[in-house]
Amino acid sequence: MAIREIVTVPHPVLRRRATKVQDFGPELQKLIDDMIETMRAAPGVGLAAPQVNVSQRVIVVEYGDEEEGIPHRLYAVVNPEIVAVSKETEIGTEGCLSIPGIIGDVERAYAIEVRGFDRHGKPFRMRPYGWLARIFQHEIDHLNGVLFTDRAIRVERVTPELAAEMDRV
Ligand code: NI
């Protein structure tokens, strides 16, 4: 495993629509291992492949919140798709590893259904809610070249120290 460089705005890869993964071979396995290590080192709770300059539809998420009943888990999802969203939305304050020093309030669906494949090509399906659903929406946006600042109803410049205290994705 290796830590890869996280690209930041205005790197063009962050605005590109990432391509679907067709091959679940060793190169994908290495990419996912490296993304996990890079996310943990940042530290962050989610990372999308374009953030390490690979324009492919792969995300990793590691998050849990016992109080909310969300067990701490690591997810690696290939070709993820949001197939359903709740009518209920929630506004939350997000930061992004690719946009240092900026946080913003973003309205997102409270609950979603995600489908895709695990790292070995087996079908993956889950219905995250709350902050976990927010992380998935933020990461899947990255695969479509969308950044949270595009959706934010308010953005704020913050010190790197404050930004580092947040769950970054
Ligand atoms: Ni991000």
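Bear in mind these aren't lab numbers, they're just calculated from the coordinates by the rules spelled out. Computed from a predicted model, the values in this text were never measured in an experiment. Neighbour counts run over all protein chains shown; Cβ positions are idealised from the backbone, glycine included.
Here are the numbers:
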| read-out | value |
| --- | --- |
| Scope the stretch 89-146; condition within 16 Å of the ligand (Cβ to nearest atom), part of a loop (DSSP other than H, G, I, E, B) and of a type in the set (Gly, Ala, Ser); matching residues | SER98, GLY145 |
| Qualifying residues in the stretch 109-138 (those that are of a type in the set (D, E, K, R) and touching a helix residue (DSSP H, G or I) at 6+ places or on another chain (Cβ under 9 Å)) - the one farthest from PHE24 (Cα to Cα) | ARG127 |
| Tally of residues being in contact (Cβ under 8 Å) with a residue 60 or more places away in the chain, away from the ligand (no atom under 16 Å from the Cβ) and under 16 Å from MET126 (Cα atoms) across the stretch 65-88 | 1 |
| Of the criteria (1) in contact (Cβ under 8 Å) with a residue 40 or more places away in the chain; (2) out of contact with any helix residue (DSSP H, G or I) (no Cβ under 7 Å at 6 or more places or on another chain), which one VAL13 fails | (2) |
| Positions within the stretch 25-57 being in a loop (DSSP other than H, G, I, E, B) and away from the ligand (no atom under 13 Å from the Cβ), in sequence order | GLY25, PRO43, ASN53, VAL54, SER55, ARG57 |
| Cβ-Cβ under 8 Å pairs, at least 6 apart or on other chains, the stretch 132-158 side under 17 Å from ILE112 (Cα atoms), far side surrounded by 20 or more Cβ atoms within 10 Å (Cβ to Cβ) and among the hydroxyl-bearing types (Ser, Thr, Tyr) | LEU132/TYR63; ILE135/TYR63; HIS142/SER98 |
| Neighbours by Cβ (under 7 Å, 6+ apart or cross-chain): first from the stretch 33-59, touching a residue at least 60 places away in the same chain (Cβ under 8 Å) and closer than 13 Å to HIS142 by Cβ; second within 12 Å of the ligand (Cβ to nearest atom) and among the acidic types (Asp, Glu) | GLY46/GLU139; ALA48/GLU139; ILE59/GLU139 |
| Residue satisfying all of: in the stretch 151-163; away from the ligand (no atom under 14 Å from the Cβ) and within 11 Å of ILE102 (Cα to Cα); surrounded by the most Cβ atoms within 10 Å (Cβ to Cβ) among these | VAL158 |
